[in-house]
Each structure stands twice: as structure tokens, then as C-alpha cells.
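This report concerns only the one structure given below.
What follows is calculated from the coordinates using simple rules that are stated; it is not laboratory data. Here the structure is a predicted model, which means the values were calculated and not measured. Note that each Cβ is placed from the backbone with ideal geometry, even for glycine, and that neighbours are counted across all protein chains shown.
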Amino acid sequence: MLISRTPYRISFFGGGTDYPDWYLKNEGAVLSTTIDKYCYITCRKRPPFFDNKHLIVWSHIEAVSHVSEILHPAVREGIRYLNMDNDLGIEIHHQGDLPARAGMGSSSSFAVGLIKALLALQGKMIGKHDLALKAIELEQSVLKENVGSQDQIAAAYGGFNYIRFLKNGKIKVEPMTIPSSRIQDLESHLLLFYTGTSRLASEIAVDLIKNLDNKKRELHTMREMVDKAISILNSDQSLDDFGRLLHENWLLKRSTSHLISPPLIDSIYNQAIEKGALGGKLLGAGASGFMVFYVPIDKQEDVKTALQHYLHVPFKFDNDGSSIIYYTGKD
């Protein structure tokens, strides 16, 4: 039996430029960090005494005799993708610290953690980059999901990273090498809220992808903001400029698709800004889920009070990517 633990992420800048339809023509980049909230997958070879060969526990409990009967698409196709559908039965349990479909890269964290666990079950180890690429292939090519390529990289690597997507399809990952005190200062200025709603990111991504050619100016500008944000972090200037840049980025992002920011999200965002937040954004593809705000320390209680009807989620940055945290070495 084994357990994989895979972090969720917060993406600050560059979202949208990580779709292959964009970066294979224009290149792209994102600035993101993983946080201390995780997806856990417990996995073991199922003993042969049960009537059903496979047991998959997520929001459903599936006890089935054949892989083809598994309802969870990532589990079903992940097992097939790794050529494990002819092996002994498999038992998989999923638990997450945060809800799915809420903008924290949960589907990609699941894909990364699943592949990590299934390979470990076969006695195999895999490097961070290869793990991310396999998760990208599973989601984009096998499952045909309309997802980008940043979340899988973030989940596999962990940490605060500058991720570049090149025209030749290569993906480069560069850790942010800035003083820990600067990182901690940024962390202390961020507030995370859950709006209590969820959605399928791929549905919103379809609209964005259709409009890529019509939104070139916006996406190029959003790509440039990644470099501006890195310059701010690497300088002595006030981190408040990072917050203001987040605001500019959000205004651009919401203009790339009419589905990104419905009235509820606009209302939440405006309340936070009115109470002192310098900037923020809805995480993920858009429409609902988690929102992060950059708020000066002396304004944070005001923002929390204004958004008291939404769940405030304290968090810390995390440096560990997907890993096996428990392994018995036995079936």
C-alpha cells in the first residue's frame, strides 16, 4: 500500500498562455506557486477475495469487475494509459484538502498524483518533468480535456516557479531564487477565499481557446506581466506593486472571455478592492471557485469582514511537489 501527496497551486500571472493552441505559435509563461493544501491518493493491489476486482473511492464508491466499467475518467484512462488494465485488481481512494472544480488545479493534481501512485505500485520511480509530461498527455491527449499545461508542471515540481512554454513544445521550469524573507512577505499579503461554487474549467477554456486569435494583444500583455512580476519580486521596490499588477492582470483576463467573471465574482472582487485590496484574481479558468487577493496587512481585517460570507482559507507556500509519503513495500 502507498499514498501519494500532490499540492494544489495558485497561479499569479500568465494564465491562458499555457494552452498548446497558444504557446506552440506564440510561446507562453506563467508565474505560480504550490501551497500547503493537497490531493491524497491511497493505492494498493486489491486482494483477490472480493467479488469485484477494482474499488475506486472518490465522491462515488465504485466496485467493478473491469477497468472499462470505472466511471471516473482519469482513473479509468490512467490505468489503461499505464498499461495496468490486465494486472491484478486495484484499489484507489482519493481525498482532497480543497473541493474539486474550484480553480486550484485540482484535476491536474489528481492526474499527477494518480500517475505517481500507479507507477509506484509497479515499483517504478519517475522524475518530476516526466511525471508532469505524462499528466499533460493523459489530460490533453487521452481524456481530450481543454486544459493548459501549467497545472501539471506546478503539481509535479512544487515550489514558486517561473514556467516557460516554448514554440517547439518544450517546457522550462525555473525556481524563483529570491530571498525567503521576500517570499514570506508576499505570502503574508495574500488572502484566499472560497466562493462556494464550482465549475468545469474545460467548458470555460473552450470559449477562451476559440477566441485566442482575437485576443492576441491581451495574451501577449499578460505574458509580459510575468516578467514584470518577476522584476518586482527581484527588486527592492514595494510588494504593493505586485498587488497592483495583479489588478491589471485581472482586468485583462476577464476581457478574454465573457464567461470568466459573472456578476457574483465581480461583486466579490469589487468589495475586496473597496476595503483595501490592491489587486487579486479568480483562480483557474474562471466563473467560480477560489479567489486570491493582495491586501496590505492593515487592511486585511476589513477585507475579511467585507467577505465574511465566504470562507477564508489560510495557507502557506509549499516547496514539495508530488511525492510518495507512505509506502509499505507490500501489496
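In this structure, the residue pairs whose Cα-Cα separation is over 24 Å, taken from Lys25/Lys124; Lys144/Lys170; Lys167/Lys316; Lys37/Lys281; Lys25/Lys215, are Lys25/Lys124; Lys167/Lys316. Taking the Cα centre of the chain as the origin and placing charges on Cβ (Lys, Arg +1; Asp, Glu -1), which of Phe315, Leu264, Cys43 is farthest toward the positive end of the dipole? Checking the options against the dipole of the chain, the answer is Cys43.
Only residues of segment 221-258 count here: report those whose backbone N is under 19 Å from the spot 7 Å along Cα→Cβ of Lys167, or say none. Answer for segment 221-258: 221-224. Taking the Cα atoms of the chain, the ratio Rg/Rh between the radius of gyration and the Kirkwood radius comes to 0.98.
Using Cα atoms only, what is the angle between the long axis of helix 201-210 and the major principal axis of the chain, expressed in degrees (0 to 90) to the nearest 10? In the chain, helix 201-210 runs at an angle near 60 degrees to the longest axis. Using R0 = 25 Å, the C-beta based FRET efficiency linking Asn83 and Ile61 works out to 0.45.
Judged by the mean number of other Cβ atoms found within 10 Å, the most tightly packed of the peptides 148-160, 310-322, 111-123 leads the ranking 148-160, 111-123, 310-322. Length, then width, then depth: along the principal axes, the Cα atoms of segment 44-166 run 49, 30, 25 Å. Computed from phi, the 3J(HN,Hα) profile of segment 263-270 under the Karplus parametrisation 6.51, -1.76, 1.60 (θ = phi - 60°) reads x, 4, 5, 4, 5, 4, 4, 5 Hz, with x in place of Gly and Pro. The slack between Asp51 and Ser238, meaning 0.36 nm per residue of separation minus the straight C-alpha distance, is 61.0 nm. Taken along its principal axes, the alpha carbon cloud of segment 1-112 reaches lengths of 52, 31, 21 Å, longest axis first.
Stokes-Einstein diffusion for segment 118-175, with the hydrodynamic radius set to the Kirkwood value over Cα pairs and evaluated at 37 °C in a medium of 0.692 mPa s, equals 269 µm²/s.
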